[in-house]
Amino acid sequence: MTPILEIDGVGLRIGVQDILRDVSLRLPQGGIVAILGSNGVGKTSLMRTISGVYQATSGAIRHQGEDITRLQSHEIVARGILQAPEGRQIFSNMTVRENLVIGGGPHGLAELDHVVSLFPALGERLSQGAGSLSGGEQQMLCIGRALMRKPSVLLLDEPSLGLAPKLVRFIFDLIERIRSEGYSVLIVEQNAKAALRVADTASVIEGGRIVIEGPARDLADDPRIAEAYLGGHVHVP
Amino acid sequence: MDPYYVQQLAIGLSLGMIYALMAIGFTLIFGVLNVVNFAHGEVYSIGAFAGLLLITAFGPPLLAVFLLVLAVGAATGFGLERLAFRPFRRFSDEASLKSRAMREATLMSSLALSIFTREAMELVFGSEFQTVPLDYLINEPIALGPVTIVTGDIIIFVAAAVMLGGLQYLLTRTATGRAIRAVSNNPLGAKYVGINTNRTIVLTFVIGSMMGALAGIMVGLYYGAIFPAMGFTPAVKAFVAMVMGGLSSIPGAVICALIIGVSESLATTFVSSVWADMVAYSFLLLTLVLFPQGLFGKGRDRV
């Protein structure tokens with residue numbers, strides 16, 4: 001079966017630096033794939049490349065079999081690939097409702113009830129300025145804004161970063177819940193434990209390339225994961 | 001109150017509205033790109049000349065002149081973005097979009113285009129005042145009791161108010177306007193929600209230039225003075241209004257433009273009209289010294 005999202009040998013070179021080298025992974029329809037790795041190994045660059053903020057210098061990205069490598073970010077969003085990016089990137093000068101309307105694009109507020117049912121905290125703050133939300137609420141707004149488009153692929157870049165343990169649990173419960181609604185999710189995380197609990201498969205990136213990949217269940221006990229996060233080099237057999 | 005002051009107040013308000021129309025062009029463009037468009041004054045002159053050419057060639061009703069000038073302004077804004085701004089926007093990530101190099105490059109390119117356009121107009125039309133057909137001058141006096149204003153004051157005030165109201169509606173109630181505000185607030189975030197940022201930037205130039213061109217023809221018909229360098233002074237005043245208003249606040253720029261207009265108009269009571277220009281510069285100086293964020297500038301999250 002064609003995966004909903006396929007990354008095929010993608011390389012990214014910015015200036016003289018190779019940020020990504022020959023990265024390949026497949027996100028099956030309805031699946032959750034985790035990308036793990038420590039700071040600065042290229043996880044966010046990969047997410048930006050998928051969303052068209054960066055242009056891959058080699059390889060291909062396919063969505064339901066269609067090549068989207070050269071498309072611009074708005075064309076990629078129009079195909080239903082939505083990202084809750086690093087740093088949240090919400091519109092802080094606007095209200096929560098306006099953020100969600102903009103997120104809905106052509107659908108407008110059609111998904112509002114669904115998003116509010118996932119994030120009741122946002123429902124109470126629709127007319128509040130987005131900049132005045134707490135960090136956790138901003139993260140909810142960021143994910144909620146992406147869900148307003150009914151995405152076929154949801155990309156989550158460090159959704160638990162900087163959140164209190166209780167909120168981290170909330171976010172990961174939410175990821176399982178939206179998967180049960182049929183969404184396909186690609187998640188970048190530093191919190192490997194939590195990510196491996198929800199993911200089907202995982203890939204570990206180091207130095208811009210994938211060094212370990214496999215079923216999440218097997219990787220959870222893999223000593224090399226801990227090593228990768230401690231900055232040690234992973235020994236690839 | 002002395003009717004004289006009421007009269008000067010009315011003149012000041014229409015003058016302020018002209019500055020406001022110009023200031024919006026600056027503010028919108030500064031909002032989405034963080035750059036100052038130095039060719040904005042030429043958009044004003046082009047608007048005035050386009051209107052004058054139409055008047056001398058066909059003599060259409062005034063409303064038709066205004067509509068055509070708006071169209072010319074739109075085309076000018078589109079061309080301006082293509083020639084002076086687009087070539088410097090090769091990379092689309094946040095860092096390059098708001099980088100200093102990009103800001104300085106477009107500062108020079110828009111200044112170059114401005115000089116080129118002005119010189120080209122002087123070559124074709126000469127640098128002196130053009131003759132405006134008398135029927136089209138909007139300076140019929142209207143006596144309101146002891147106060148006398150002219151038709152132009154009303155036309156300028158109404159036309160500018162319609163444009164400002166339209167802009168407000170666009171920015172708050174339409175998807176296009178929300179896209180402009182989104183790009184202005186967070187250009188990278190705008191990409192993630194699927195906004196076509198390039199198209200939004202072009203649109204911003206189109207809207208800003210429509211307002212600038214309309215301001216140009218209205219002033220041209222008000223004073224009967226249309227010449228290639230006419231855009232310089234109002235552009236400077238509008239620039240001051242933008243800085244006073246806090247760089248990217250539209251209401252701030254409009255209010256400050258009105259303050260400048262009224263102050264200049266009242267100042268002519270006390271000093272010669274040549275010195276009235278000093279008012280705007282004094283405001284600029286005071287703002288920069290006392291309110292570096294502008295009177296209406298919020299704590300900005302990025303510069």
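Laboratory data are not the source of any read-out in this text; all were calculated from the coordinates shown. All of these numbers come straight from a predicted model, not from anything done at the bench. Glycine also receives a Cβ, built like all others from the backbone with ideal geometry; neighbour counts cover every protein chain displayed.
Computed quantities for the displayed model
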item	result
Only Lys, Arg (+1) and Asp, Glu (-1) charged, at Cβ; segment A:8-105 dipole about Cα centre in debye	120 debye
Within segment A:77-93: backbone nitrogen closer than 19 Å to the A:THR2 label point (7 Å, Cα to C-beta)	A:77-82
For segment A:24-32, 3J(HN,Hα) per residue [Karplus equation, 6.51 cos²θ - 1.76 cosθ + 1.60, θ = phi - 60°, Hz, x = Gly/Pro]	10, 7, 10, 10, x, 3, x, x, 10
Dipole magnitude of the protein assembly as shown, debye to nearest 20 (Cβ charges: Lys/Arg +1, Asp/Glu -1, about Cα centre)	660 debye
Span-rule helices in chain B, defined as complete DSSP H runs reaching 18 Å or more along the axis (Cα) with Kyte mean at least 0.5	B:3-33, B:40-58, B:62-80, B:100-125, B:151-173, B:197-223, B:232-245, B:250-267, B:273-290
Inverse mean reciprocal Cα-Cα distance (Kirkwood Rh) of segment B:170-298, Å	16.5 Å
Residue with peak Gaussian network fluctuation, chain B [Cα springs, cutoff 10 Å], from B:LEU63, B:LEU285, B:LEU111	B:LEU63
Dipole of segment B:81-217, positive end: most advanced residue of B:ASN186, B:ILE138, B:THR204 [Cβ charges, Cα centre]	B:ASN186
A:ALA226 versus A:ARG97: modelled label distance in nm, points set 7 Å from Cα along the beta carbon direction	5.1 nm
Three-way shape call for segment A:1-76 based on the alpha-carbon gyration tensor, with the a/c threshold at 1.5	oblate
Ranked A:LYS193, B:LYS191, A:LYS166, criterion: other C-beta atoms within 10 Å, fewest first	A:LYS166, A:LYS193, B:LYS191
Chain B, relative contact order in percent, only Cα pairs under 8 angstrom and at least six apart counted	37 percent
Relative contact order computed over segment B:179-303 (Cα-Cα under 8 Å; 6+ residues apart), in percent	19 percent
Size of charge dipole - chain B - debye, nearest 20, with Cβ of Lys, Arg +1 and Asp, Glu -1, no other charges	1440 debye
Residues in segment B:2-44 reached by a label modelled at B:THR269 [backbone nitrogen below 15 Å; 7 Å Cα→Cβ]	B:2-13
D (Stokes-Einstein, µm²/s), Kirkwood Cα radius, the protein assembly as shown, 1.306 mPa s at 10 °C	62 µm²/s
Extent along principal axes [Cα atoms of segment A:13-131; Å; largest to smallest]	46, 30, 24
Dipole axis of segment B:1-96 (+1 Lys, Arg; -1 Asp, Glu on Cβ), positive-most option in B:LEU13, B:PHE88, B:VAL72	B:PHE88
Simple label model, 7 Å out from Cα along Cβ direction - B:LEU285 to A:LYS166, nm	5.8 nm
Inter-label distance, nm, simple model (7 Å from Cα along the C-beta direction), B:ILE115/A:ARG79	4.6 nm
Those aspartates and glutamates that a straight Cα-Cα span of less than 17 Å connects to B:LYS191, excepting residues fewer than 8 apart in one chain	A:GLU75, A:GLU86, A:GLU98, A:ASP157, B:ASP93, B:GLU94
Computed Rg/Rh of chain A, alpha carbon atoms with Kirkwood Rh	0.96
Relative contact order (%) - criterion: Cα under 8 Å, at least six apart; region: segment A:106-201	27 percent
Hull-based mean projected area of segment A:91-188, where the convex hull spans the alpha carbons, in square nanometres	5.7 nm²
Tail weight of P(r) past 24 Å, computed on alpha-carbon pairs of chain B, percent	51 percent
Zone residues, segment B:175-203, relative to B:ARG86, backbone N less than 16 Å from point 7 Å out along Cα-to-Cβ	B:196-203
